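These notes concern the structure reproduced below.
The values are calculated or read from the model by the stated rules, or taken from the named source; none is laboratory data. All values reported here derive from a predicted model rather than from experimental measurement. Note: ideal-geometry Cβ built from the backbone for every residue, glycine included; neighbour counts use all protein chains shown.
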């Protein structure tokens, strides 16, 4: 009987693991996430020490952190933002200057994503003073942000247990 | 298996392997994030914005508060500032969203060619055609261009008049099938005015309704629902505990009738007789007020042929019932008689009753500067349609009304439209009238456009667009203003602003402040001044004595579908009509005695033939209708109007006379049948305590109804009691306040992304509503039962929940705050919990729910959309609880009582549902329990499920007591 069962079990395991390996798990670490603009979090958050919530200004009051509007870039950079044709900054200036229809859009690629059945809201985490890096990694050292932690349920539960936060299932699943 | 791989290890390995296979998500890894160029201050991703606007689903003119998430409206509530809705709206109002996102809305302009087929045209081409047709018609002569619309606010009326004038015409008409013409006529005869009075049910002690379904569709149901729950609340009057006494005189035991103390069944048309008979008794017994200003001699002459005995003989109503009503009405300190009948004489009777008892100015009043009716008189509309048929109109614009469906057959509206060379239809979902139009233009939904309303003196509702248009539609005012040269206003937004500029000038102060305030509060709400009226009986003639036809057809506006405008909204089709509990169909209610005579049974299609035509409707044999009366609701029987409305049921408008709701009818069983579908299990409680009632006499005497004590006495706990560190959420539901309007059900559909399943789905038992209005008939053995048992049933959030221990995967579990949580992503769909739930409030997704695009835009982003194979249920709107708790956490305080309001409680016009923390004895919810100790009960308490929901028993007066 073992002759059949053992290989069968191994086969199933391999099958499962390979599906896992080749599948898209948006919440798992990835080596790289390409972006339409070579925006460097290292320069902004690291070198220039701009607080995260200066740009992601909704994090303290909403579920969403907020993707900064182009006006936020222009607010600091002013006219200096203009780049040579072909340079990476052009999409930013185009979004600001070009008013033709349909409007030009900057299409950032999402770095962090959670499954649909999880309700995550930034608000209480910011309020509790959890550093952004606890989940998002050392963003201030990354030129291009990539996920470094696997944000799965275990990751959430570990921290919630440690900090005596709610472990009630409906807190996140509803 | 001594060595190697045991069966157990195999299962473990296999399980982990398949679990590994199951983990991968199927979402695209990269989703795009598109930032604003400049952030919109009105849009905060993740946080709702609220816009005050006005409802357009009936003429009541309720103020709305639209919840807008990321630029799309997801929920409609009442506007708390608005004196009419006061924070709650009905199911129809909430379903306005499904009109906005209706997948069958006309997506772009369409033109009908000579062959009758529709082709897509661009807006530019469409407007070119419109301009050339209008130009030619206005040059051809005076009054060759016309507009026919539904009830409209002052600004759009101005726009339409200006447009007509620019086109050399004065023909602007407004038509609505239910515009209270009977009451207006009676008011004109008695008081010389045509406006509608304001009613204050809450100021009365006795109410008599002559067929007015004031809790469903009559005039302003949300407002009346609120007033009625106040009227029915137990109060100390003259040394004893009493409630308002209500009588319903009419052919059908409607939801409204079911909430009254007595239903006096009469054939349609006989309500008038009863009204006059009550007057005659009151005169004789001197129960009328001597100084009301009513000419009592004239009145005596008027009611001479209506003495109680004669009327009792003609109508079959016992004389002592008439006497009882007269006595209650005449002796009450505040009484109100209203009529919803199609017979102007019944309104006359109601007005005289109120007047003669000195109740004018107290329970009913006319206001100074009252707006005239928003629709034209029936004669005007009829002669207009005659003109159409005579070919006197070249271009007709129809918008916001559906004459082909709702005009009486004697008008021959369809024939008239065919005689008009060019018909332009503007609207949402193309209906029967659109099917006859030459050019179809997609019109903005009211939630996408600027408009206003003046439903009564002192109340000006401002409607502002709450989101960007969903389709390639335009505003009606903008369309017509673009066809005239040098219009007074370029857009209807400007026209609205101009109207409000005038209002602002009158109100004084800076206009900018006024305008901000008006948009923020949803309108202008001023003091109302009661008009002095004098009742003049001189021109009143006694109506001809009533003779009952052998069998009569009685039609009434469907509580959800109203005049047919609700039929394209799946929520409204799927909400069970509270009394019949039928969904997705119409039905002919026939009394069992009549059914026996006619030899029809349930579901048998009967042919109803009046002098105007024939309709075929499946029979529903129920005692909820008077014998020899066949009741068929208005609202169904569309031949067009999208996938949800078309070809469902029959249309009684097609067989009734102008302005009539009843007719003499001959009935013939066709031999065919069609299954009427209901989610209801049994109509009897079979001795179980599900909905309980007691009489006010019992309450006053401090008695608790017998037979409802828990049969098993505790303590017999097997497990230790739950520990609730912070909160334990609970609910108190006052069955006495509940009016069965199902607003809570609609609100739950909207808030919790509850899918609709269609007629077949309901027939298969797949209805998904998390909360429902349960309806039971009283049983023969009951002593002093209410007319009907009606109560909202939702998850009882039991302490000893039968659903929890049977879940093999802990998807169903007890939360830290006392809820019976349901974790959708854990659920594997065994349905054990559903089978073990005694309240039948868990719902299983047998199929993947579908919201045909763009209905999906309505979905609440705070609630997961459940997939096939998943059990779902009410959790007291856990997303709202979470939101409130986070607010409190952030502000470092405890959750305030009343801060968290589930969708059902918020929607309830009668404030029957209170939510709160059981651990806080000072909470409004706990106080409501404590203050009504004698009325507390829990559903099926003998099961020791220990629900967190406590109901308060329904109250009614024992029959025969005055």
Unmet criterion (only one of (1) modelled with pLDDT of 80 or more; (2) out of contact with any helix residue (DSSP H, G or I) (no Cβ under 9 Å at 6 or more places or on another chain)) for residue A:80
(1)
Would you check if there is a residue in the range B:899-910 being away from chain A (no Cβ under 13 Å), in contact with a strand residue (DSSP E or B) (Cβ under 9 Å, 6 or more places away or on another chain) and over 22 Å from residue B:750 (Cβ atoms)?
no
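Here's the yes/no breakdown for (1) assigned by TED's automatic domain parsing to the domain that holds residue B:273; (2) touching a strand residue (DSSP E or B) at 6+ places or on another chain (Cβ under 6 Å); (3) farther than 25 Å from residue B:656 by Cβ:
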| residue | (1), (2), (3) |
| --- | --- |
| B:502 | no, no, yes |
| B:517 | no, no, yes |
| B:520 | no, no, yes |
| B:528 | no, yes, yes |
| B:532 | no, no, yes |
| B:537 | no, no, yes |
| B:543 | no, no, no |
| B:564 | no, no, no |
So, of the residues in the range A:88-130 that are assigned to a helix (DSSP H, G or I) and facing chain B (nearest Cβ under 9 Å), which turns out to be surrounded by the fewest Cβ atoms within 10 Å (Cβ to Cβ)?
A:127
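Yes/no per residue for (1) touching a residue at least 60 places away in the same chain (Cβ under 8 Å); (2) more than 26 Å from the chain's Cα centre (by Cα); (3) not in a helix (DSSP H, G or I):
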| site | (1), (2), (3) |
| --- | --- |
| B:224 | no, no, no |
| B:241 | yes, yes, yes |
| B:248 | no, no, yes |
| B:267 | yes, no, yes |
Assess whether residue B:757 counts as being in the same structural domain as residue B:821 (by TED's automatic domain parsing) and either surrounded by fewer than 22 Cβ atoms within 10 Å (Cβ to Cβ) or over 19 Å from the mean Cα position of the chain (by Cα) (or both).
yes
Within the range A:104-133, which residues are farther than 21 Å from residue B:47 by Cβ and touching a helix residue (DSSP H, G or I) at 6+ places or on another chain (Cβ under 8 Å)?
A:104, A:105, A:106, A:133
Those residues that are free of Cβ contacts under 8 Å to residues at least 12 places away in the same chain and either in a loop (DSSP other than H, G, I, E, B) or more than 10 Å from chain A (Cβ to nearest Cβ) (or both), I need them from the range B:881-890; list them, please.
B:888
With the requirement that a residue be exposed (fewer than 13 other Cβ atoms within 10 Å of the Cβ), within 13 Å of another protein chain (Cβ to nearest Cβ) and either at pLDDT below 90 or assigned to a helix (DSSP H, G or I) (or both), what does the range A:147-174 give you?
A:150, A:154
Which members of the range B:230-250 meet the condition of being surrounded by 24 or more Cβ atoms within 10 Å (Cβ to Cβ) and more than 17 Å from residue B:328 (Cα to Cα)?
B:250
Residues of the range B:809-843 that turn out to be surrounded by 20 or more Cβ atoms within 10 Å (Cβ to Cβ) and away from chain A (no Cβ under 14 Å), as a count:
6
Of the criteria (1) assigned to a helix (DSSP H, G or I); (2) over 23 Å from residue B:195 (Cα atoms), which one residue B:585 fails:
(1)
Which residue is nearest to residue B:810 (Cα to Cα), if the candidates are limited to the range B:871-880 and must be facing chain A (nearest Cβ under 9 Å) and not in a loop (DSSP other than H, G, I, E, B)?
B:878
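Based on what the data block shows, is residue B:172 crowded, with 24+ Cβ neighbours inside 10 Å and either free of Cβ contacts under 8 Å to residues at least 12 places away in the same chain or more than 21 Å from residue B:528 (Cα to Cα) (or both)?
no
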Sort through A:6, A:11 and tell me the only one that's at the interface with another protein chain (Cβ under 7 Å from one of its Cβ atoms), part of a helix (DSSP H, G or I) and modelled with pLDDT under 90.
A:6
Can you give me the ranges of the helices (runs of 4 or more DSSP H) entirely in the range B:667-781 with at least 2 residues that are out of contact with any helix residue (DSSP H, G or I) (no Cβ under 7 Å at 6 or more places or on another chain)?
B:696-701, B:758-763
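Here is a yes/no grid of residues against (1) more than 14 Å from chain A (Cβ to nearest Cβ); (2) closer than 22 Å to residue B:771 by Cβ; (3) free of Cβ contacts under 8 Å to residues at least 24 places away in the same chain:
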{"residue": "B:853", "(1), (2), (3)": "yes, no, no"}
{"residue": "B:857", "(1), (2), (3)": "yes, no, no"}
{"residue": "B:863", "(1), (2), (3)": "no, yes, no"}
{"residue": "B:866", "(1), (2), (3)": "no, yes, no"}
{"residue": "B:869", "(1), (2), (3)": "no, no, no"}
{"residue": "B:892", "(1), (2), (3)": "no, no, yes"}
{"residue": "B:912", "(1), (2), (3)": "yes, yes, no"}
{"residue": "B:933", "(1), (2), (3)": "yes, no, yes"}
Assuming residue B:100 fulfils every condition listed in (1) touching a strand residue (DSSP E or B) at 6+ places or on another chain (Cβ under 7 Å); (2) more than 28 Å from residue B:181 (Cα to Cα); (3) surrounded by fewer than 24 Cβ atoms within 10 Å (Cβ to Cβ) apart from one, which condition is it?
(3)
Here the residues within the range B:85-108 that are part of a loop (DSSP other than H, G, I, E, B) and under 21 Å from residue B:474 (Cα atoms) are B:101, B:102, B:103, B:104, B:105, B:106, B:107, B:108
Checking the structure you have, find out if any residue of the range B:153-176 is over 22 Å from residue B:434 (Cβ atoms), out of contact with any strand residue (DSSP E or B) (no Cβ under 8 Å at 6 or more places or on another chain) and in a loop (DSSP other than H, G, I, E, B).
yes
Answer with yes or no whether residue B:73 is touching a strand residue (DSSP E or B) at 6+ places or on another chain (Cβ under 7 Å) and farther than 22 Å from residue B:574 by Cβ.
no
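Name the single residue that is surrounded by the fewest Cβ atoms within 10 Å (Cβ to Cβ) among those in the range B:322-333 being in contact with a strand residue (DSSP E or B) (Cβ under 8 Å, 6 or more places away or on another chain) and over 11 Å from residue B:247 (Cα atoms).
B:333
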